[in-house]
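First up is the structure itself, then whatever we jot down about it.
The values are calculated or read from the model by the stated rules, or taken from the named source; none is laboratory data. Just so it is clear, the structure is predicted and the values come from calculations on it, not from any experiment. Positions of Cβ are backbone-derived with ideal geometry, glycine not excepted, and every protein chain shown enters the neighbour counts.
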Amino acid sequence: MYRYIYVIPEAIGRSVLKMCASIGRIAIFFYDFVVSLFTPPFYIKSLLNQLVRIGYNSLPVIGLTAFFTGGVLALQIYVGGSRFNAENIVASIVALGITRELGPVIAGLMLAGRVSASISAEIATMRVTEQIDALITLSTNPMKYLVVPRVLAAVISLPILVIIADIIGIMGGFVVGTKTLGFIEQSYIKNTLDIIELHDVMSGLIKAAVFGFIVAFMGCYHGYNSTGGAQGVGRSTTLAVVSASILILASNYILTSLVFTN
Amino acid sequence: MDHILKINELSKSFGDKSVLDNLSINIERNKSQVIIGGSGTGKSVLLKCILGLIEPDGGEIFFNQQILNKKNRADIDFHSKIGMLFQGAALFDSLNVQENITFGIKKLDSNHVNLTEIAVDKLKKVGLDSSVLCLYPSELSGGMQKRVALARAIARNPELLFFDEPTTGLDPIMADVINNLINEVIEEVGATAITITHDMESAKKIADNISMLYKGAVIWTGDAVDINSSNNPYVDQFIKGSSEGPIKINPND
Ligand SMILES: Nc1ncnc2c1ncn2[C@@H]1O[C@H](COP(=O)(O)OP(=O)(O)OP(=O)(O)O)[C@@H](O)[C@H]1O
Ligand SMILES: [Mg+2]
């Protein structure tokens, strides 16, 4: 009977310890990453490859989601705004909402699904088939050869993707606003341009760079530490996507509340 | 005697499962050392400890009289002096055959050696021709993958070679080509080879010395020619391939 009293505190203790251990491991991995980032050799060709894979190949996904997000935002704000006769704020809120928040967050989450998963599965497969060991025996540091190019590529790509997502998202709002909600095209564009300021866009881009880092770093970390065959590859892929998504939303809140509230 | 590698009392456990148990072995320079032993006795783990891919729990490894640890491996550039054939080939599946074979060469000297020529030359040694140069590992048969991996291991002309089961998965004729190749790198290049194998034919053909591993320790070492007269019941059972003898097949072990 007494034994059952301990079950809950034991479970809590175990998961706390586990969490501390993984934070420690992530910190060590991060330290290795930073050291590798600044010491030669640099694998420029891998970086270019990854820029194509992570950045360029994500364009369709990001463009489509941005378009629909902008469109639905216009519809919803029209409904909300019309309750107190403020339908005219649609253009402004779509512009601010997309550039400050939804552009980077949606792009980040889409990249978490697309890129974290593929990076993690690829590196985990290399781990379980001993390709990472083979790299080491061929005098190649896997951190420099695999991790640095992927993380750099994501940090560079995501802000560029977000600029495109911003433009397409605002266009989505514009299309819905002018075609179904009956706004006049010239005034919609004027309202949009009047409200947006440089720092709105910049704050979104800085977030995007942070999200890009999270996406690739989590993919690499979970792939690199994968164990246990095909099942392990699957597990690390799930972990990569879930942890990247949570970290994106959490860091989004922290960044917004600390830095970008003005 | 001139030893290229000395291993003293190496031990390694995974959890509470002891895999290497105070294992000691010395490897003579410019000789072919074969390691035999049952499945799961720690042969691959031993190689990985030497290579620094697994951190041993205890013991010391000396390479050319210098101790090998994490720091020292980098200092003496240990990995550029060795070649390793992994049991599962471990080819890079995003790179084609030529890029796989010459992967380590780019890192050694950047003055433009002709990489295609090197790749074709090494392929010929493992019984393949240049038609596979542009294929990817997934397009090769298992035995071909093994041979490409072997070509990659010898591509940098290392002084110390590790072969983890080089002839498993090969037909008998191809296995003999590989046996000859191993003899050739030792005689012509002056390298040292450490080969793990279950293939007693191959062991007799390539070995100068043979050691037998059992439960994570070396239980017999000797000249290859003495293997049939070892008077060691474990060795006798192993080379006869009999299920009767001191080595018990216990699935819970
Ligand atoms: N990374 C690891 N984690 C946990 N246990 C391991 C690990 N690597 C090896 N082992 C265990 O160590 C033991 C020895 O493995 P090893 O691969 O060295 O066997 P082996 O002698 O090469 O066998 P085989 O001839 O079948 O290749 C096995 O029982 C295996 O379960
Ligand atoms: Mg093995």
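Observations
- Given (1) more than 13 Å from chain A (Cβ to nearest Cβ); (2) within 16 Å of residue B:153 (Cα to Cα); (3) part of a helix (DSSP H, G or I); (4) of a type outside the set (Phe, Trp, Tyr), number of the condition residue B:80 does not satisfy: (1)
- When residue A:71 is tested against (1) within 17 Å of residue A:183 (Cα to Cα); (2) outside any helix (DSSP H, G or I), only condition (2) is not met.
- Filter result (modelled with pLDDT under 85 and among the acidic types (Asp, Glu)) within region B:221-253: B:244, B:253
- Residue check, residue B:39 within 16 Å of ligand 1 (Cβ to nearest atom), under 18 Å from the mean Cα position of the chain (by Cα) and modelled with pLDDT under 95: yes
- Residue, farthest from ligand 2 (Cβ to nearest atom), within region B:82-97, restricted to residues that are more than 14 Å from the chain's Cα centre (by Cα) and surrounded by fewer than 22 Cβ atoms within 10 Å (Cβ to Cβ): B:96
- Any hit, region B:152-169, residues being within 16 Å of ligand 2 (Cβ to nearest atom) and over 15 Å from the mean Cα position of the chain (by Cα): yes
- Residues (buried (at least 20 other Cβ atoms within 10 Å of the Cβ), over 15 Å from the mean Cα position of the chain (by Cα) and among the hydroxyl-bearing types (Ser, Thr, Tyr)) located in region A:156-202: A:188, A:192
- Filter result (within 21 Å of residue B:76 (Cβ to Cβ) and away from ligand 1 (no atom under 16 Å from the Cβ)) within region B:155-199: B:155, B:156, B:157, B:158, B:159, B:160, B:161, B:189, B:190, B:191, B:192, B:193
- Test: residue in region B:5-17 that is surrounded by fewer than 22 Cβ atoms within 10 Å (Cβ to Cβ), within 16 Å of ligand 2 (Cβ to nearest atom) and in a strand (DSSP E or B): yes
- Among the criteria (1) under 30 Å from residue B:86 (Cβ atoms); (2) assigned to a helix (DSSP H, G or I); (3) not hydrophobic (A, V, I, L, M, F, W, C), the one residue A:140 does not fulfil is (2).
- When the helices (runs of 4 or more DSSP H) confined to region B:101-218 are screened for residues that are within 14 Å of chain A (Cβ to nearest Cβ) and not β-branched (Val, Ile, Thr), those reaching at least 3 such residues are found at B:103-108, B:142-154.
- Residues of region A:126-154 that turn out to be more than 8 Å from chain B (Cβ to nearest Cβ) and among the polar types (S, T, N, Q), as a count: 1
The rows are residues; the columns are (1) more than 16 Å from ligand 2 (Cβ to nearest atom); (2) outside any loop (DSSP other than H, G, I, E, B); (3) within 14 Å of chain A (Cβ to nearest Cβ).
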residue: B:22; (1), (2), (3): yes, yes, no
residue: B:30; (1), (2), (3): yes, no, no
residue: B:35; (1), (2), (3): no, yes, no
residue: B:39; (1), (2), (3): no, no, no
residue: B:50; (1), (2), (3): no, yes, yes
residue: B:53; (1), (2), (3): no, no, yes
residue: B:56; (1), (2), (3): yes, no, no
residue: B:73; (1), (2), (3): yes, yes, yes
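- Enumeration of residues in region B:65-88 that are within 16 Å of ligand 1 (Cβ to nearest atom) and out of contact with any Leu (no Cβ under 8 Å at 6 or more places or on another chain): B:86, B:87, B:88
- Filter result (without any contact (Cβ under 8 Å) to a residue 24 or more places away in the chain and not aromatic (Phe, Trp, Tyr)) within region A:235-255: A:235, A:238, A:242, A:246, A:250, A:254
One line per residue, one yes/no per condition, for (1) touching a Phe, Trp or Tyr at 6+ places or on another chain (Cβ under 9 Å); (2) of a type in the set (Lys, Arg); (3) loosely packed, with under 12 Cβ neighbours inside 10 Å; (4) within 14 Å of chain B (Cβ to nearest Cβ):
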site: A:10; (1), (2), (3), (4): no, no, yes, no
site: A:32; (1), (2), (3), (4): no, no, no, yes
site: A:67; (1), (2), (3), (4): no, no, no, no
site: A:80; (1), (2), (3), (4): no, no, no, no
site: A:104; (1), (2), (3), (4): yes, no, no, no
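- For the criterion of being more than 16 Å from residue A:225 (Cα to Cα), more than 13 Å from chain B (Cβ to nearest Cβ), crowded, with 21+ Cβ neighbours inside 10 Å and of a type outside the set (D, E, K, R), residue A:90 passes.
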